[in-house]
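What follows draws every value from the coordinates through simple rules; no lab data is involved. It should be emphasised that the depicted structure is a prediction, and the values quoted were computed from it without experimental measurement. Every residue, glycine as well, gets a Cβ built from its backbone with ideal geometry; the counts of neighbours run over all protein chains shown.
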Amino acid sequence: MRKEKILRIFHLILSFIILVLVLTTSIWYPADSSDSIRQFTRSFEFDYIGWELDAVWKKISLLSLGSTHHLNDFHQRKIINDYFILMNSSNKLRRRITEIYSDPQVPSPEKKALRFENELEKVTHLLDLQMHIAESVLQYQIGRTLRTLGITDIGTPFPPILFQTTKLPKQLIISPRDVIIQEKSVSLSADIAVNEIIKLENDVEENLNYSALIVPVGGVSTYPTMVINTTDLKYLIETVAHEWIHNYLFFRPLGIRYASSQELRTINETTASIAGGEISRAVIEAFYPDFIEITPIHPRNLQASFPTKKPYQLQYFNFPKEMYLTRITVDDLLAEGRIDAAEQFMESQRLYFWENGYQIRKLNQAYFAFHGAYADEPFSAAGKDPVGNDVRLFRARQTSLATFIRKISWMYSYSQLKIAARTF
């Protein structure tokens, strides 16, 4: 047992040193201090070093509590259930407090909300304690699943699976107006206010003539990885697996060349999305079989995550297909040099999405530059971009997920993938 613990600590420290020295894949930041965008973003930029030091200290401290490996499936399941019960309680209390302060008919809202605020403080304390234990359980379950799937090179996942649920940084995405491509991306504070977001986007667009959009993300592949707080177990596991795949690819040509071209970024993100989904399903089948028939309700697009209409009102509206068709039209207009027409069309489509229950705050070239890289489904914001389709085709030709990941991880150009996917 002592030998196993020492080995685990060694793996953690080694992984931390390697991955933190180079911020990987899903982390974006200005290339240098002279970057013209930084005149607008400097005061809002996310402190990765501070977050990393805090997260790693917490993970190392947890080792003193002992391993969760010795817990049987029943106790592991109870830990996860208790965690989500506390999460739901916390969310309900926050909503109740907001309702009290928002209701003009409530006299002295501070007094009425006090009881709920005291209860929230207690629940938050319990949730913080339970969260770390629940993370350890999920890390173990995902690691065991990876071994079962054969996605290990040394008998255990490397780097070891480490994640922390946390408030995630926002990402400022920059795209030229005449072509859809992610030219810059900057990580911003998780607490940046909506009015600050809008002003920052406007400043970039007006002064630098770029298309700009600040987007939320579900995870960031730091080490430990950052993962969104969610009560959707399937989505949580999928996000953890997605970000771990980025960590895995970092040691191979595909991940090393993540930022070298738009095509390689799409290959990386689509590979991680495909693998994340398959790993999540395998974990659910192994540890939570009663969840199998439950359809995930968390939309893939975090900017359209709060439908304003009831499900029966949305049954004839296919959001992914409509977004796919929108991207195709925008690409055609930009190819003809009709930038203003493309931007007017995107705004009209944004209103159309809103009317059908999808609250997209802003639809522009930067929106497609970001979301278009996640092309694990036939209809997506990627439009006719063939890269995602070739990744899906290559996956379909492989006998297992492990084989797919192993082969694609050693590719260093889109031309390699294209030949491998289309040659029979």
Enumerate the calculated ³J(HN,Hα) couplings along the stretch 262-275 in order (Karplus 6.51 cos²θ - 1.76 cosθ + 1.60, θ = phi - 60°), each rounded to whole Hz, writing x wherever the residue is Gly or Pro.
-> 5, 5, 5, 5, 5, 4, 4, 5, 5, 4, 5, 5, 4, 5
Amide H within-cut-off set for residue 211, under 5 Å, with H built and near neighbours excluded = 175, 177
Tell me, what is the FRET efficiency for residue 281 and residue 229 to the nearest 0.05, using R0 = 30 angstrom and their Cβ-Cβ distance as r?
-> 0.85
Which links in 59/92; 234/362; 167/418; 167/362 stretch past 26 Å when you go from one Cα to the other?
-> 59/92; 234/362; 167/418
Under a 5 Å amide H to amide H cut-off, with H placed in plane at 1.01 Å, what residues pair with residue 163 once short-range neighbours are removed?
-> 225
Would you kindly derive the ³J(HN,Hα) couplings of the stretch 169-181 from the backbone phi angles with the Karplus curve 6.51 cos²θ - 1.76 cosθ + 1.60 (θ = phi - 60°), listing them in order in whole Hz, with x for Gly and Pro?
-> x, 8, 10, 8, 9, 10, 9, x, 6, 8, 7, 8, 7
In debye, nearest 20: dipole of the stretch 46-203 around its Cα centre with unit charges on the Cβ of K, R (+) and D, E (-)?
-> 560
Give a residue-ordered list of calculated ³J(HN,Hα) values for the stretch 367-382 (Karplus: 6.51 cos²θ - 1.76 cosθ + 1.60, θ = phi - 60°; whole Hz; x for Gly, Pro).
-> 4, 6, 4, 7, 5, x, 7, 9, 10, 7, 10, x, 9, 7, 5, 6
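What shape does the stretch 323-424 have by the C-alpha gyration tensor, where a ≥ b ≥ c are the square roots of the eigenvalues, rounded means a/c under 1.5, and otherwise prolate means a/b greater than b/c and oblate the rest?
On the way: a/c = 3.16, a/b = 2.09, b/c = 1.51.
Prolate, because a/c is 1.5 or more and a/b exceeds b/c.
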At most 12 other Cβ atoms within 10 Å and a DSSP loop assignment: could you name the chymotrypsin sites (Phe, Trp or Tyr not before Pro) in the stretch 361-416 that fit?
-> 410
Projected onto the charge dipole of the stretch 175-262 (+1 at Lys/Arg Cβ, -1 at Asp/Glu Cβ, origin at the Cα centre), which of 180, 244, 212 gives the Cα projection farthest towards the positive end?
-> 244
